[in-house]
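In what follows, a structure is listed as structure tokens, so that the remarks can point back to it.
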Amino acid sequence: MINVSIIDEHPVFCDALKALISNADDIHIVSCNQSADELLIGSQKTKANVALFVVHKERLSVIEDIKDISIRHPKLKILVLSLKGSESFILKLIKVGAKGYLGSDANRSEILEAIYTLRNGYEFYAKTITNILLNSFLKKSESDTKEKDIIQKGLSGREMEVLRLFAEGFSNMQIADALFISIRTVETHKTNIMKKINIKTTVDLVKFAIKNDIIELD
């Protein structure tokens with residue numbers, strides 16, 4: 001049996017959802033809540049497996065509610081049913097803990113499928129949401145690739161060597177000895193590197209080298 005708690009600020013919608021899915025043989029609606037706080041207060045008694053969170057408007061409070069639920073009850077899977085949602089809002093909800101997302105066009109069979117999927121330990125996103133996640137991933141990958149290309153094209157071979165050695169913990173003197181150049185030349189290379197990749201501190205320089213696979217962490 002899958003125990004489901006519904007969160008909807010409008011009682012009539014909550015009752016409608018309950019009527020829509022409660023006749024499934026292995027799904028039991030254990031509570032209808034008008035807020036996340038109400039769910040959290042009664043969660044110890046209801047022991048829900050899935051929380052069906054209905055979102056009517058994009059609000060910061062919704063993001064905070066889902067984050068709070070996921071932190072306090074990590075085993076409770078949150079399924080969002082959103083009537084409206086921009087790409088950035090959807091991504092934020094998923095980032096703070098939503099394990100499933102359905103749009104306003106979801107029907108009964110899709111809601112049930114999502115509940116079963118979350119209860120079995122997997123995530124579930126409507127096809128339109130999957131496209132948003134894919135596009136977001138592709139944009140990030142493209143951005144990372146462009147950044148690496150800029151590094152490769154913008155830095156000389158010697159500058160790449162200096163950057164790698166510095167990020168690996170070599171001092172200026174050790175870099176100078178390893179590359180058979182003066183300490184002043186090492187400093188000049190470091191200054192040029194930081195200008196080219198628009199970095200202000202040596203700490204950020206190390207982070208940059210790690211992020212762009214110039215060095216590898218053990």
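The values are calculated or read from the model by the stated rules, or taken from the named source; none is laboratory data. Note that the structure is predicted; figures quoted are calculated from it, not measured. FYI the Cβ positions are ideal-geometry reconstructions off the backbone, even for glycines, and counts take in every protein chain you see. Each accessible area value is taken on the protein alone, full model and side chains, heavy atoms only, with ligands, DNA and RNA left out. Shrake-Rupley method; radii C 1.70, N 1.55, O 1.52, S 1.80 Å.
Structure data summary
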read-out	value
Filtered residue count, segment 194-215, keeping only those that are outside any helix (DSSP H, G or I) and of a type in the set (Val, Ile, Thr)	5
Number of positions in segment 164-187 that are assigned to a helix (DSSP H, G or I) and either closer than 16 Å to GLY154 by Cβ or in contact (Cβ under 8 Å) with a residue 24 or more places away in the chain (or both)	4
Filtered residues of segment 80-102 (kept if in a loop (DSSP other than H, G, I, E, B) and either out of contact with any helix residue (DSSP H, G or I) (no Cβ under 6 Å at 6 or more places or on another chain) or among the β-branched types (Val, Ile, Thr) (or both))	LEU83, LYS84, GLY85, SER86
Hits in segment 188-211 (condition: farther than 14 Å from GLU168 by Cβ, surrounded by fewer than 17 Cβ atoms within 10 Å (Cβ to Cβ) and either without any contact (Cβ under 8 Å) to a residue 12 or more places away in the chain or not charged (D, E, K, R) (or both))	THR188, THR191, ASN192, LYS195, ASN198, ILE199, LYS200, THR201, VAL203, ASP204, LYS211
Of all residues in segment 102-125 being modelled with pLDDT of 90 or more and within 18 Å of the chain's Cα centre (by Cα), the one that is nearest to LYS18 (Cα to Cα)	LEU102
Matching option when the condition is assigned to a loop (DSSP other than H, G, I, E, B), of a type in the set (Lys, Arg) and over 17 Å from ILE115 (Cα atoms), among LYS57, LYS75	LYS57
Checklist (1) open to solvent by 60 Å² or more (accessible area, probe 1.4 Å); (2) in contact with a helix residue (DSSP H, G or I) (Cβ under 9 Å, 6 or more places away or on another chain); (3) at pLDDT below 90 applied to GLN174, failing item	(3)
Count of segment 179-215 residues which are of a type in the set (A, V, I, L, M) and on the phi > 0 side of the Ramachandran plot	0
Only one of LEU40, LEU60, LEU81 that is surrounded by 14 or more Cβ atoms within 10 Å (Cβ to Cβ) and under 20 Å from the mean Cα position of the chain (by Cα)	LEU81
